Each structure stands twice: as C-alpha cells, then as structure tokens.
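Remarks on the structure that follows.
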Amino acid sequence: MRAVTVAPGVSDSLRLDEDWPEPAADEGAILVQAVAVGVCGTDQEIIAGEYGEAPPGQDRLVLGHESLGRVLEDPTGTLKPGDLVVGIVRHPDPVPCVNCAAGEWDMCRNGRYTEHGIKGLPGFARDRWRVQPRFAVGLDPALAPVGMLLEPTSVVAKAWDHIERIASRAVWQPQSVLVTGAGPIGLLAALLGIQRGLSVHVLDRNKTGPKPELVRSLGATYHTSTVAELDFAPDVVVECTGAPVVVLDVMSKAGTNGIVCLTGVSSGGRTIELDAGAMNRELVLENNVVFGSVNANRRHWELAAEALARADQAWLNSLITRRVPVSSYADAYTSTGSDIKVVLDFEQ
Ligand SMILES: [Zn+2]
C-alpha cells in the first residue's frame, strides 16, 4: 500500500512509498481505510528535518496526524464498517505519569508520550491504518468532506475548555473574544467562540484572500489593524500566531479579569523590548490570566466532534483550500501562501 514517509532529521527526505507494509495487528483492532489527512506546519517542520522521530527500530516515519478514514473492520464492535473515524494523535507515556494515567495525556509531565506521524508512532498518511478503540473517535456521517479538521478542532476545544475552567474562579460573563491569526486554528477557535454566543473578533495581517470573508460569514468581525489599535478590551484572547509582538500586545490588551490563551509556537531567537514592571502591574491589577495550551485528550476530541457536527458544513468546507491526490503528494506539502488548510486526498 501507499504511504507518505520521511527520514526524521534528514531534510527533504519526503517520498511516496508504494510498497509500504500493511499496518501491524498490534497497532489496534480497528482497521481503517484512509480518506484524507490534513497538512499543517508541524508536517513542514518534520519534512525540513527539524522535528520528528521514527518508531523504535525504524528509520522512516509515516507522516500525517490530522486523520480521517472509514472503518473496514472492527471486531470489538465499537464502530461499524463504513463509519467515519479519526485517530487520536497522542498516546500516553509508558510510565505513565499522573496525568497520562488519568487520561490527560495532553498534560503529560515527562514528555515520554508518543504521537502518530510526529513522535515514535506511524502517521495516518497511508492507505490503511489501525487504531485501538480508546484512541478512535467516531464522526457524524455528514462530516465526510471535512472530518480531517477534527484534530485542529480538538486543539481549540481544549483551549476553550481550559479558558472556561480558569473562568470558573469567579463570576464571569464574557462578551468579547479576540482571536489573533486567521489560520485553521484561529478560524476554528473563532467558530467555537461564535458557538458560545460571544462577540468574536479575528485579527490577521491579510487584507485579501479568503480570510476576511470566512470570518465575516461566521458572524465575527475581521481586523487588520495592530492589537494596540483595537477599540475594545477583550474578555478572552486566543492567540494563534506565536508572533512575539502579538503575544505581548494581547497580554496588555486583555480586559479586567481577562484570560489570554497562547496556542502559537514561536521559533524564538528574536528579542523585543518589554517593560516587565508595567506588564506585571497590568496583569496583577486586572486579575489577568495568561496560559499556554497544547494538544488535547479524548474528552476534547469528543467536544470537537460535537462542535464540527453543529457547524455550518459549507463554512467548514471552505477552510479546505486545496485537495491534493496522493499521486501529487509533494504539492500538498508545498505552501502557496494563500492556503488555509491543504488536504491530502486518499480517495482521488
Ligand atoms: Zn505522561
């Protein structure tokens, strides 16, 4: 069968293997036929050789962590043949730490977790894969064209879950949300804000392309100004750019009792000036919380599946700006600049 693989740590080692072995039985009881995988920045970093780890004893890693497939067989009866299914990316560490032991592998304390297509587990960019029932998430059949958005949605479902848990420290009636960055994570974070009945503002530097209309058709407001120029103080900020200036600006911009969730991963190495005393004073006097959020556990994947099923399917579909057949796999990993989400299509 076909598999898109890399040699981790070796830049530009991406290739399509035509004779990749069928998934091993010990990968899980549920056998799945791939429908599609989504492509994201992590894949680009792995292809560039900056990141990624092959399974133990192997020198190539199958890419793909944003999965979507159809069940071929499930002897456990958890799912039925033909059901849409997505595989959870992260598996708990083998120790396990207290968080992994409690099913909170997104909060793993020792870093020994594994991740499909990223760290020590084969990815989903292959014709068939297997998954254990506890890492399989069934999807509404209507999500067939867009179900590969579940992984990025799980990331924002966790972010919102933690925002709301932090918010429960006091009476809280949020009204406005600022999302910085209108990539897939930002747009899905905005969707979950709209689903909560909040007034959502999305800030991005792109004045053209599909982003302004995608934000407006969601019922949110699109801004291309700087964060400092916004004329409101958001109750919630979901920062999705990882750009150092934007990160600092949103920390200052959040309103009284405001909560700032950082989801963007910065590359580091860039120094900007900061009045740490003034920043500290603002955070203290406004009861602000700034926190980081990464990955998701099973509960978040299930919340994400509900959120996607409730969303406008045409809007979700419009987040997918290119569908590339596996035969042209390299095109899927080549950024055009105007893409939002590119998908590698195993059915074309
Ligand atoms: Zn752990």
Q: Based on the mean of other Cβ atoms within 10 Å per residue, sort peptides 250-260, 23-33, 145-155, 311-321 so the most packed one is first.
A: 145-155, 250-260, 23-33, 311-321
Q. Once both axes come from the Cα atoms, what is the angle between helix 298-310 and the longest principal axis of the chain, in degrees from 0 to 90, rounded to 10?
A. 80 degrees
Q) Dimensions of the range 79-202 along principal axes (Cα, Å, largest first)? A) 44, 37, 26
Q: Give the distance, in whole Å, between the Cα centre of the range 121-200 and the Cα centre of the range 283-307.
A: 10 Å
Q. Any idea how far apart Ser327 and Leu274 come out in nm if each label point goes 7 Å out from Cα toward Cβ?
A. 5.1 nm
Q: Express as a percent, rounded to the nearest 5, the fraction of DSSP beta bridges in the chain (both residues included) that run antiparallel.
A: 50 percent
Q. How big is the chain on each of its three principal axes, counting only the C-alpha atoms and giving the largest first in Å?
A. 59, 45, 40
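Using only helices, what value at 222 nm comes out for the chain when you add -39,500 (n - 2.57) per DSSP H run of length 4 or more and divide by the total residues, to the nearest 500 deg cm²/dmol? Each step should come with its number before you reach the end.
Numbers: 10 runs with 93 residues, N = 348.
Helix-only estimate at 222 nm: -7500 deg cm²/dmol.
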Q) Based on the alpha carbon coordinates of the range 173-288, what radius of gyration and maximum Cα-Cα distance (Dmax) apply, in Å? A) 13.8, 41
Q) Using Cα pairs under 8 angstrom and six or more residues apart, how large is the relative contact order of the range 1-123, in percent? A) 26 percent
Q. Pairs of lysine in the chain with Cα under 28 Å and at least 8 positions apart or on different chains: total?
A. 10
Q | Fraction of alpha-carbon pairs over 20 Å apart in the range 1-114 - percent | A | 53 percent
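Would you mind putting 128-134, 214-220 in packing order, based on average other-beta-carbon counts within 10 Å, highest first?
Going by the mean number of other Cβ atoms within 10 Å, highest first, we get 128-134, 214-220.
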Q.
Given the options Val215, Gly193, Asn110, identify the residue whose Cα lies farthest towards the positive end of the charge dipole of the range 102-233 (+1 on Cβ of Lys, Arg; -1 on Cβ of Asp, Glu).
A. Asn110
Q.
Run the numbers for Glu50 and Ala102: contour at 0.36 nm per residue of separation, minus the present Cα-Cα distance, in nm.
A. 15.6 nm
Q: Enumerate by residue number the trypsin sites (Lys or Arg not before Pro) in the range 262-348 meeting two conditions: DSSP loop (anything except H, G, I, E, B), and at most 12 other Cβ atoms within 10 Å of the site's Cβ.
A: Arg270
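Read the figures in this text as sums done on the coordinates, not as results from a lab. Since this is a predicted model, take the numbers as computed values, not measurements. So basically every Cβ, Gly included, is an ideal-geometry build from the backbone, and we count neighbours across all protein chains shown.
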